[in-house]
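What follows draws every value from the coordinates through simple rules; no lab data is involved. These numbers come from a predicted model, not from an experiment. So basically every Cβ, Gly included, is an ideal-geometry build from the backbone, and we count neighbours across all protein chains shown.
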Amino acid sequence: MKKILVAISILISSVFANNPEQNIAVLEELNLPKEFLNEQSFKSKYKELSTTKKIQYYDNLIKKSSLNAKIVKEELELKNLPKVLFFLPLIESSFKNLVNKNDPSGLWQIMPLTASNLKLKRNEFVDERLDLIKSTDAATNYLRKYYKKFGKWYLSVLAYNAGEGRIIHGVARATLDKYLDEHPTMYHDKVIKIYNLYIADYTKNKKGIDNLYTIYKDLGLKSGHFDYLYLLKHNSKRDYLPKTSVNYINMLVSFSILENSDRFKNLDKKTKYDLEKVNANKGLRLKTIADELSMSYEELRTINKHLLKEMIPTDKNSYNLYIPHTKVELFNNKISNMKELAVTQNKATLEKVKNDVNNKSSFDVNKNSKDLNTNKIIHKVKQGDTLEAIAKKYKVSVKKLKIDNKKNSSKLKIGENIEIIK
């Protein structure tokens, strides 16, 4: 058994030795110590991913989603971000633009709450987590934001994976533990006691995240007592980081080292076209656009998954969508005709709604839509709504909203219908 383990160790070392400088460059990009290559969990993950079968599997995923991969690669280059971040969507979603309404969605698997923080719009018409370009821009901004906080790219990646609070909590604890391992006589020091209180308070109440950053920056960075390898060594007992997060970094580094060895053949695969953003009138059906551009409707839908209905959103006069760059001239030539089509289709939609209203004794128009028989708008309350925000949106007073809806307070329930009568 020992001979087998020695042989495996030699094999892995020889693979790393093929491109030692490039492999160290990968670690430097992520701000990882070079000794990380000898960390056992990483070597096991690299061994698993470096088999021919695994490489072919992941290379094929990149090939199938070459357009998505190209968008990510170009965004990283544009923002001058570490190229190793390219493999994050491969780990997150296999480079697929996955749709999960109330769960992580899109190429970058962004949670609904995170989407709000990143200013990605989500309503009945659009879910911008599925917008290939906007979501990539938002995700890379998110990563850069946490790099500024942590000062290390691998910690920014970990925060992306497990959440800022979970990571800074583990990092602060590991920093303090390492310091006390090396200075056991300092356990009763006043500053150390305060640091322990900071950690205990966050553990219990999930408050005081800035205090955890104080421990990390003052004791960890300035005094040099934060060590990722120490954290990994003691993680099984101390649970500084989720095992899935440790694996996340191991995969990211493994893919990057395999790239350095030219094991992926489809990273620079040419795509049929680039995406071009154009502006289309509200109410225009995607099927109409596809027909006018002589392109597959399914293909148009695939590159515009963020449009949740089969038409351009009607909550604004126009909205952006993506088309192949080879179709831009054709789109521009037919844009006036498309405007006429949009007007016609809007009239048809309104006529259908009128008929529905006449055929029903009570009619609940979809979220935030206008009743055609009365000067009334129905707003369905969603997460994050307040009475003040609704009043501001529809340019009415809070007092009037309360009177019209017979409310004694400003409390709202998700799913509740609020009438706006003008």
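Step through the table entries Lys34/Lys121; Lys134/Lys392; Lys79/Lys393, compare each Cα-Cα distance with 32 Å, and write down the pairs that go over it. Mind dumping the intermediate values first?
Details: Lys34/Lys121 41 Å; Lys134/Lys392 27 Å; Lys79/Lys393 35 Å.
From Lys34/Lys121; Lys134/Lys392; Lys79/Lys393, over 32 Å: Lys34/Lys121; Lys79/Lys393.
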Dipole of the stretch 136-237, positive end: most advanced residue of Asn161, Asn211, His234 [Cβ charges, Cα centre]: Asn161
Under 5 Å, built H, 5+ apart or other chain: amide partners of Lys380: Asn368, Ile418
FRET efficiency for Lys392 and Ser318, using Cβ-Cβ distance with R0 set to 25 Å, rounded to 0.05: 0.60
In the stretch 31-134, trypsin sites (Lys or Arg not before Pro) in a DSSP loop with at most 12 other beta-carbon atoms within 10 Å: Lys101, Lys119
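Can you give the calculated 222 nm mean residue ellipticity of the chain, where each DSSP H run of n ≥ 4 adds -39,500 (n - 2.57) and the sum is split over every residue, rounded to the nearest 500 deg cm²/dmol?
Values: 19 runs with 234 residues, N = 422.
For the chain, the value works out to -17500 deg cm²/dmol.
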For the stretch 54-80 versus the stretch 262-311, the gap between their alpha-carbon centres in whole angstrom: 17
Nonlocal amide H pairs with His225, under 5 Å, H built at 1.01 Å: Gly220
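Using the structure shown, list the pairs from Lys101/Lys305; Lys53/Lys243; Lys45/Lys149; Lys382/Lys411 with a Cα-Cα distance above 20 Å, or answer none. Don't jump to the answer; show the numbers that get you there.
Details: Lys101/Lys305 12 Å; Lys53/Lys243 24 Å; Lys45/Lys149 28 Å; Lys382/Lys411 13 Å.
Table pairs above 20 Å Cα-Cα are Lys53/Lys243; Lys45/Lys149.
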Relative contact order [Cα under 8 Å, 6+ residues apart], the chain, whole percent: 15
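What shape does the chain have by the C-alpha gyration tensor, where a ≥ b ≥ c are the square roots of the eigenvalues, rounded means a/c under 1.5, and otherwise prolate means a/b greater than b/c and oblate the rest? Don't jump to the answer; show the numbers that get you there.
On the way: a/c = 3.17, a/b = 1.49, b/c = 2.13.
The shape class here is oblate.
Could you list, in their original order, any pairs among Lys119/Lys327; Lys152/Lys217; Lys43/Lys152 whose Cα atoms are separated by more than 20 Å? List each step's numbers first, then the result.
Values: Lys119/Lys327 29 Å; Lys152/Lys217 12 Å; Lys43/Lys152 22 Å.
In this structure, Lys119/Lys327; Lys43/Lys152 exceed 20 Å between Cα atoms.
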Cα-projected label distance for Asp210 with Lys407, points at 7 Å along beta-carbon direction, nm: 3.2
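On full extension of the chain, what length is gained from Lys222 through Glu28, given 0.36 nm per residue of separation minus the C-alpha to C-alpha distance? Don't jump to the answer; show the numbers that get you there.
Values: separation 194, 0.36 × 194 = 69.84 nm, distance 1.93 nm.
Net length gain for the segment: 67.9 nm.
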Total charge dipole magnitude, the chain, about the Cα centre, Cβ charges on Lys, Arg, Asp, Glu only, Debye to nearest 20: 1280
Derived scalar couplings ³J(HN,Hα) [the stretch 149-162; Karplus, 6.51 cos²θ - 1.76 cosθ + 1.60; whole Hz; x for Gly, Pro]: 7, 8, x, 9, 5, 5, 6, 4, 5, 4, 5, 4, 6, 10
